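Okay, structure first, notes after.
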Amino acid sequence: MSAKIKAAVLLGSIALTGAAMAPAHAVGTTPSVSVASYDGTTAAATTTSKGGHIRTSPYGTSSSVSWAYAGEVLTVYGYDYNSYGNKWYDVVDSAGYSGWIYCGNVTAGC
């Protein structure tokens, strides 16, 4: 189990610090949710899920690693746009699973 997942399991949605806990697929961009600062290596913010798959890459056809239930708090590390122009958030769920969730499935929005 990676350090990021262990930390997320222990800390839930508390902002994580330290480069060792940075997501492997962090893109270094600021998500469109309220944040004090974002350096690309620590959690930027949290958002609430409307319900949806957390996937291995920012594409609806990629494998699902977890399901985010409506009302679940997700830790946001950043976002990216896929080749179709769709915005996806790089997140960790409350169980410690990390991956990508489509912007329409979270309250932070597109």
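Using a 1.4 angstrom probe on the protein heavy atoms only, line up THR46, THR61 by accessible area, largest first.
From most exposed to least exposed: THR61, THR46.
For a distance above 16 Å, tell me the whole-number percent of Cα pairs in region 42-110 that qualify. All intermediate terms of the calculation are to be shown ahead of the outcome.
Values: 781 of 2346 pairs.
Percentage above 16 Å: 33.
Counting only residues 5 or more places away or on other chains, whose amide H sits under 5 Å from the amide H of TRP67 once H atoms are built in the peptide plane?
For TRP67, whose amide H was placed from the backbone, the distant partners under 5 Å are ILE54.
The values are calculated or read from the model by the stated rules, or taken from the named source; none is laboratory data. These figures come from a predicted structure and were not determined experimentally. Please note that ligands, DNA and RNA were not included when accessible areas were found on the heavy atoms of the full protein model with its side chains. Shrake-Rupley method; radii C 1.70, N 1.55, O 1.52, S 1.80 Å.
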